[in-house]
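Peer 1: Please find one structure pasted underneath; my questions will follow.
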Amino acid sequence: MAAMEHDRAALLAALALQLDWGAEEALEDAPPDRSPPRAATPPSAAPAERAAPPPRPIAAVPVAPATPATTRATEAAAAAGSLEALRAAIAAFDGSALRETATNLVFADGAPDSRLMLIGEAPGAEEDRLGRPFVGPSGQLLDRMLASIGLKRDEGGFYITNILPWRPPGNRTPTDAEINLFLPFVLRHIALARPRHVVMLGGVSAKTLLRAKDGITRLRGKWHRIAVEGLGEVPALATLHPAYLLRTPAAKRDAWADLIMLRRTLDAASQES
């Protein structure tokens, strides 16, 4: 009886969260059409059809020239043959000053074998203190968001990391130089974890992995592909960072639409395998 009450409370909490986001669509194969019936349009009055304009291509960011530090990072990442070795390589890498100002290396959390990998921006204060990604307020929101579609971190639902493994001082936005320096480690991390799908949390993650100039509002809500050496092209969904959702509650509706897309894609992939 106690277990049933706990499950019922969890379901009600998930429903309340979805309603708070403004969810209007259920996880069904074909959501019901609630639009009012329309009168038939006479053929003679039908407007001429115009072809939809092709989507504007995503503007690409030129690849930054290699520096001695990025070359060393690339070599160290390539030499790592396991996730444990990659963590050790990042911990030993002295090419960034961030290591000197941070408290702990924040490598990853969750289940590497879940086949779903989430990649954020950089650790915050709580993450730096505990050495785990997404454990502060934005991480707690993210856990509730994913739990509402059946993905729980403590039950092996996903694997999560960041572009940067060290906290930037004062939680500032990572610089382009810092991103380029750690990108080889991130790509190697993806190659070793071998996810079937990647979720890019926020603009820094999406723009970095897609090498795109466009902001997150244009990149989100659609599947892209990330080229990863040794793994090929991995489907990647861009969505809003939970920290942004805490500052901008009105954007939760877009986040919910992205979660619906993610859940349906995972379900379709599960049926195919």
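The values are calculated or read from the model by the stated rules, or taken from the named source; none is laboratory data. What you see is a predicted model, and the numbers here were worked out from it, not measured in a lab. Because the Cβ atoms are built from the backbone with ideal geometry, glycine has one as well, and the counts that use them run over all protein chains shown.
Peer 1: Quick one: is ILE149 touching a helix residue (DSSP H, G or I) at 6+ places or on another chain (Cβ under 6 Å), surrounded by fewer than 22 Cβ atoms within 10 Å (Cβ to Cβ) and not in a helix (DSSP H, G or I)?
Peer 2: Judged against the criteria, ILE149 is a match.
Peer 1: Across the stretch 125-138, what is the number of residues that are crowded, with 19+ Cβ neighbours inside 10 Å and at positive phi?
Peer 2: Residues flagged as crowded, with 19+ Cβ neighbours inside 10 Å and at positive phi within the stretch 125-138 amount to 1.
Peer 1: A further question on this structure: Of these, PRO133, PRO184, PRO165, which one is in contact (Cβ under 8 Å) with a residue 40 or more places away in the chain and not in a helix (DSSP H, G or I)?
Peer 2: Of the residues listed, the single one that is in contact (Cβ under 8 Å) with a residue 40 or more places away in the chain and not in a helix (DSSP H, G or I) is PRO165.
Peer 1: Out of all the residues in the stretch 208-221, which are within 12 Å of the chain's Cα centre (by Cα) and among the charged types (D, E, K, R)?
Peer 2: ARG220 - this is the single residue of the stretch 208-221 that is within 12 Å of the chain's Cα centre (by Cα) and among the charged types (D, E, K, R).
Peer 1: Go through the stretch 81-103 residue by residue and tally those that are surrounded by fewer than 16 Cβ atoms within 10 Å (Cβ to Cβ) and not charged (D, E, K, R).
Peer 2: Qualifying residue count, the stretch 81-103: 9.
Peer 1: Right, here's the next one. Evaluate the following for SER205: is it part of a helix (DSSP H, G or I), under 13 Å from the mean Cα position of the chain (by Cα) and hydroxyl-bearing (Ser, Thr, Tyr)?
Peer 2: When the stated conditions are applied, SER205 passes them.
Peer 1: Right, next: Taking the stretch 218-250 only, how many residues are of a type in the set (Gly, Ala, Ser), buried (at least 19 other Cβ atoms within 10 Å of the Cβ) and in a helix (DSSP H, G or I)?
Peer 2: Total meeting the criteria: 1.
Peer 1: Still on this structure, please answer the following. If I go through the stretch 187-202 residue by residue, how many of them are assigned to a strand (DSSP E or B) and of a type in the set (A, V, I, L, M, F, W, C)?
Peer 2: 4
Peer 1: While we're on this one: Only one of these is free of Cβ contacts under 8 Å to residues at least 12 places away in the same chain and over 21 Å from the mean Cα position of the chain (by Cα): ALA76, ALA97, ALA102. Name it.
Peer 2: Within the list ALA76, ALA97, ALA102, the selection yields ALA97.
Peer 1: Report, by residue number, each residue of the stretch 251-273 that is assigned to a helix (DSSP H, G or I) and without any contact (Cβ under 8 Å) to a residue 40 or more places away in the chain.
Peer 2: The answer is ALA251, ASP254, ASP258, ASP267, ALA268, SER270, GLN271, GLU272.
Peer 1: I've got another one for you. Hey, among the residues in the stretch 177-217 that are buried (at least 19 other Cβ atoms within 10 Å of the Cβ) and among the basic types (Lys, Arg), which one's nearest to THR161 (Cα to Cα)?
Peer 2: Looking at residues that are buried (at least 19 other Cβ atoms within 10 Å of the Cβ) and among the basic types (Lys, Arg), I get ARG188.
Peer 1: Given the criteria assigned to a loop (DSSP other than H, G, I, E, B) and closer than 20 Å to LEU245 by Cβ, does THR173 qualify?
Peer 2: So THR173 passes the test.
Peer 1: Then there is this: Can you name the residue in the stretch 105-130 that is farther than 24 Å from ALA177 by Cβ and part of a loop (DSSP other than H, G, I, E, B) and, of all such residues, is farthest from the chain's Cα centre (by Cα)?
Peer 2: ALA111
Peer 1: In the stretch 118-125, is there at least one residue being out of contact with any strand residue (DSSP E or B) (no Cβ under 7 Å at 6 or more places or on another chain), more than 21 Å from GLY203 (Cβ to Cβ) and at pLDDT 95 or above?
Peer 2: No, because not a single residue in the stretch 118-125 is out of contact with any strand residue (DSSP E or B) (no Cβ under 7 Å at 6 or more places or on another chain), more than 21 Å from GLY203 (Cβ to Cβ) and at pLDDT 95 or above.
Peer 1: Out of everything in the stretch 104-124 that is surrounded by 21 or more Cβ atoms within 10 Å (Cβ to Cβ) and in contact with an Asp or Glu (Cβ under 9 Å, 6 or more places away or on another chain), what residue ends up being nearest to ALA77 (Cα to Cα)?
Peer 2: Among those that are surrounded by 21 or more Cβ atoms within 10 Å (Cβ to Cβ) and in contact with an Asp or Glu (Cβ under 9 Å, 6 or more places away or on another chain), it is VAL106.
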